[in-house]
Amino acid sequence: MANTPTSNGASGREVLIVFFTTLIASLTALWWSWTNHAFLLYGDAEAHMHIARRLFDSHRPGITQLGSVWLPLPHLLLVPFIAVDPWWRSGFGPAIPSAACYLLACLGLYKLARRWLAPLSSSLALILFACNPNLLYLQTTAMTEPLFLCELIWAVLLMVQWYEALDADEKRTSRIMWSLIAVLVAAVYTRYDGWILGFGAWLAMAICLFRRGKLFRPSFITVSVVLLLAPVSWMIYNAAVFGDWLDFMRGPYSAYAIEQRTASSSVDPHPGWHNLWISLVYYAKASEMDVAALGWGESIFTLAALGTVWGWLQARKAKRHSGAIQHPAALASWSWTLFLWLPLSFYDYSVSYGSVPIFLPVWKPFSWYNTRYGMEMLPGFALFFGFALEAGFRWLAANRPRYRIPAVAVLLALLTVNFALMLREKPLVYEEGKKNYEARGYYNAILSEAMGHLHQLDPKGLVLMDTSTYSMIVPLAGMTYHDTINESDKQYYKAALAAPAEHVDIVLAYAGSEIAAAVKAHPEHLRVYRHFHSRGHGWDQLDATLYVTDTFPLPPGDPVESAQPGQ
C-alpha cells in the first residue's frame, strides 16, 4: 500500500481485512485458553461470573445482587452467556463478549489511526495492539479490561468525528454526540476510570461549544443530564441497597479495605503510597512490561512520546498553514487523541491516594498484583507508536526512499521478536493470573470435590457457605447458587446463621468467618464431616471445615471426624 494519508479514513476493504485477521488472532487465543484451562486464572474473573450468575441464580434474584464496588455493565453483559450452564461451569461464557470487545477495539484503533496515518503505519500500530499477548489472553476471560479499552478507543474516535462535524453538519454532529454519550455512559458503568474519561470528554465538548456560542443548546443540555445520571444513579443504588451512597469507596469490599488486607508493610502499605512520583514510575513500568518484552517497553514508551510530539507539531502546522496540508480538519482534531494518555495520570493518582497498589516482579515487593492496569496505556502506545513510524516513513520517502522496504522488514521482524520474547518470558498479566490461581486452585479442587460428593448424596440439600472468596466451588461441584444460602441472601443468610441445622443440611465454614462463629455458637445437630488445611498464608487462605447435620444421609463407609463442631 502507498504510504499516503487519506482524508476518508479506512476503506471498507481495509476494515474487512482488519476484522478477519484480528478474528483469527482472537480465535487462536480462545483455543489456547480452552486447551490450557486458563479462562478463570484470575479470582476477579471468577467473581465477575459469580455476580452475574447470582442476578438470576439466587434466593433473592435481582439487581441488588450486583454488589456495591464493581460497576454493573460488565456483569449485565455476561448474563446471557453464563445463563448457559456449561458455559458458566467451564468459564467459556465470558470469553464471547470479551472477544467481541477485542474485535471492536481493534477496528476502532485502526479507524482512528487511518484518520491521520497511512495504511502501513496504521497496520503496524494495530499489530502492536492486536498481537499483544496480555490482551489476547484477557479477551478470553471475564476481566473488564477488553471492554474498557474498547470504550476508550471508540470514545476518542467519536470525539474526533464529533469535532470534525461540529461546524459542518448539525444533524450528523447530533448523531455522533449521542453515540459518544452512549459510549461514555457505558464507560462510566464499566470502570471508575470511565468517570474521569466521561467528565474530561464532557468538559472538552463544553469548551468547544462555549467558544461557538452553542453551549446551552437543548441537545447538549440533554446529553449532559444523561451522562450525569450515570454516576449519580450508581450512588443512589449504593445508598438504597447498602445504606451508604459511597459504599463503593469505603465499604468492606472497597479498594481501601482490600489495600488494608494486602498491605506489604504496616508503615508503607505499598510502593507509591502518598508519593505521586513513585506511583507514576510504578505505573509506567507496569504499562511498559504489559506492552513489550522486558527491556523493550521503554523504547515503545519513548517512541509513543515522540509520536505524540510529532502529531502535535503536525496539528499546529495544519492550523497555521491549512493550505499546505491535504486534510487540515482531520489534523486539527488530533488533540482529542490525547485522551489516550489519561490512564497515566489516573493511575498515578489512584496508586498514590486511591488505595490501588501495583506490585511488579522486578521491583519491591517483587510480586504480581494489579499488573493488568498497565494495559490501559496500550491503545495510546499503539496509536502514537504509529505516529512515530509515520514520521520516520515520511522522512525516508523524502530523503532515503530505497531504505523504506528494508525499514518495514526490520520493524516487522522486531514486532515478531517482541511477541516471541513476551511469550518466552511469560506475559506479565497471564503470569499474575497463574500466581493468583495458585493461591485458590487447591481449595477450588478439593472443596468442590467434597461438596460435589455431598451434593450427590442429597441433591436437594442446602449449603450454608460464603460464595465470595471461592465462588467456583459451587459450579465445579455440580451445584447452583440456589442450592446454597450465602452472604448475598440477606435475611435467609441471617436466619441460617442463627440456627444452622434448622435451615441447611451442609455448612462450609472458613476459620474466623461469621459462619464459623455461628457454628460455634449453635453447634446443635451438626457433625464435622471433614477439615481442610490451606496451603497458603494470605488473608483469604484460611482453614475450612465441612459440617453436615445429624440427619444427613451419609453412607456407612463415609468417615465423620470425631471433633466437636466449633472446635
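For the range 190-242, the percent of C-alpha pairs falling in each 10 Å distance bin, counted from 0 to the bin holding the largest distance, reads 22, 44, 25, 8, 1. Taking amide H positions as modeled 1.01 Å from N, with prolines and chain starts lacking one, the residues under 5 Å from Thr549 and 5 or more places away or on another chain are Arg527. Stokes-Einstein diffusion for the range 426-501, with the hydrodynamic radius set to the Kirkwood value over Cα pairs and evaluated at 25 °C in a medium of 0.890 mPa s, equals 179 µm²/s. Report the percentage of all Cα-Cα pairs in the range 408-458 whose separation exceeds 18 Å, rounded to a whole percent. Above the 18 Å cut-off, the range 408-458 has 60 percent of its Cα pairs. Computed with a 1.4 Å probe over protein heavy atoms only, the accessible area of Lys435 comes to about 80 Å².
Give me the tail of P(r) for the range 445-541 as a percent: Cα-Cα pairs with distance above 19 Å. Summing the P(r) tail past 19 Å for the range 445-541 gives 38 percent. Over all pairs of different C-alpha atoms, the range 184-320 has a mean inverse distance whose reciprocal, the Kirkwood radius, equals 19.1 Å. For the range 340-396, the Stokes-Einstein estimate of translational diffusion at 25 °C and a viscosity of 0.890 mPa s comes to 186 µm²/s, using the Kirkwood hydrodynamic radius over alpha-carbon pairs.
Here's the list of aspartates and glutamates a cross-link from Lys460 could span, going by alpha-carbon distance under 12 Å and ignoring same-chain residues fewer than 8 apart: Asp483, Asp505. In this rough spin-label picture, where each label sits 7 Å from Cα along the Cβ direction, the Arg60-Leu276 distance is 4.2 nm. Each residue of the range 93-109 is assigned a 3J(HN,Hα), and the resulting list reads x, x, 5, 5, x, 5, 5, 4, 5, 4, 4, 5, 5, 4, 4, x, 5 Hz, derived from the Karplus form 6.51 cos²θ - 1.76 cosθ + 1.60 (θ = phi - 60°), x at Gly and Pro.
Write down the Kirkwood hydrodynamic radius of the range 21-139, to one decimal in angstroms, obtained as one divided by the mean of 1/r over all alpha carbon pairs.
Values: mean 1/r = 0.0638 Å⁻¹.
Hydrodynamic radius (Kirkwood, Cα only) of the range 21-139 equals 15.7 Å.
Label sites at Ser233 and His525, each approximated as a point 7 angstrom past Cα along Cα to Cβ, lie 4.5 nm apart.
Roughly what percent of Cα-Cα pairs across the range 94-218 reach past 21 Å?
Everything past 21 Å amounts to 45 percent.
With contacts taken as Cα pairs under 8 Å at a separation of at least 6 residues, the chain carries a relative contact order of 15 percent. Our coupling estimate for the range 199-210, obtained by passing each phi through the Karplus curve with A = 6.51, B = -1.76, C = 1.60 and θ = phi - 60°, is 5, x, 5, 4, 4, 5, 5, 4, 5, 4, 6, 4 Hz, Gly and Pro reported as x.
Can you pull the semi-axes for the range 339-492, root of five times each eigenvalue of the Cα gyration tensor, sorted largest first, whole Å? Numbers along the way, then the final one.
On the way: eigenvalues 488, 78, 44 Å².
Sorted largest first and rounded, they come to 49, 20, 15 Å.
For the chain, the spread of Cα coordinates along the three principal axes comes to 89, 54, 48 Å, biggest extent given first.
Arrange the peptides 112-122, 138-148, 37-47 so that the one whose residues have, on average, the most other Cβ atoms within 10 Å appears first. Don't skip to the answer; put the middle values down first.
Working: 112-122: 24.9, 138-148: 27.3, 37-47: 22.1.
Result, highest mean Cβ count within 10 Å first: 138-148, 112-122, 37-47.
Rounded to the nearest 500 deg cm²/dmol, what is the calculated helix-only ellipticity per residue at 222 nm for the chain, with -39500 (n - 2.57) per DSSP H run of length n ≥ 4? Numbers along the way, then the final one.
Details: 24 runs with 340 residues, N = 567.
-19500 deg cm²/dmol, from helical runs alone.
Under 5 Å from the amide H of Thr484 lie the amide H atoms of Val463, each residue being 5 or more positions distant or on a separate chain, with H modelled from the backbone and absent for Pro and chain starts.
I need the calculated FRET efficiency for the pair Phe199 and Lys460, taking r as the beta carbon distance and R₀ as 56 Å, to the nearest 0.05. Mind showing how you got there, number by number?
Values: r = 51 Å, r/R0 = 0.91.
The pair Phe199/Lys460 has a calculated efficiency of 0.65.
Please go through the residue pairs Lys111/Lys171; Lys435/Lys520; Lys285/Lys434 and name each one whose alpha carbons sit more than 25 Å apart in this structure.
Details: Lys111/Lys171 22 Å; Lys435/Lys520 34 Å; Lys285/Lys434 20 Å.
From the list (Lys111/Lys171; Lys435/Lys520; Lys285/Lys434), the Cα-Cα distance tops 25 Å for Lys435/Lys520.
Counting only protein heavy atoms and a probe of 1.4 Å, the accessible surface of the range 1-91 is 69% carbon and sulfur.
Where both bridge residues fall in the chain, DSSP classifies roughly 75% of the beta bridges as antiparallel.
What aspartates and glutamates does Lys214 reach when the alpha-carbon gap must be under 13 Å and sequence neighbours fewer than 8 apart in one chain are set aside? The reachable aspartates and glutamates, counting only those whose Cα sits under 13 Å from Lys214, are Asp167, Glu170. When the alpha-carbon atoms of the range 81-123 are used, the pair Rg, Dmax equals 16.0, 46 angstrom. Given a cut-off of under 8 Å on Cα pairs at least six residues apart, what relative contact order in percent is computed for the range 67-203? Relative contact order here is 27 percent.
The values are calculated or read from the model by the stated rules, or taken from the named source; none is laboratory data. Since the model is a prediction, treat every value here as computed from it, not as a measurement. Please note: Cβ atoms are built from the backbone with ideal geometry, for glycine as well, and neighbour counts cover all protein chains shown. Accessible surface is based on the protein model in full, side chains and every heavy atom, while ligands, DNA and RNA are left aside. Shrake-Rupley method; radii C 1.70, N 1.55, O 1.52, S 1.80 Å.
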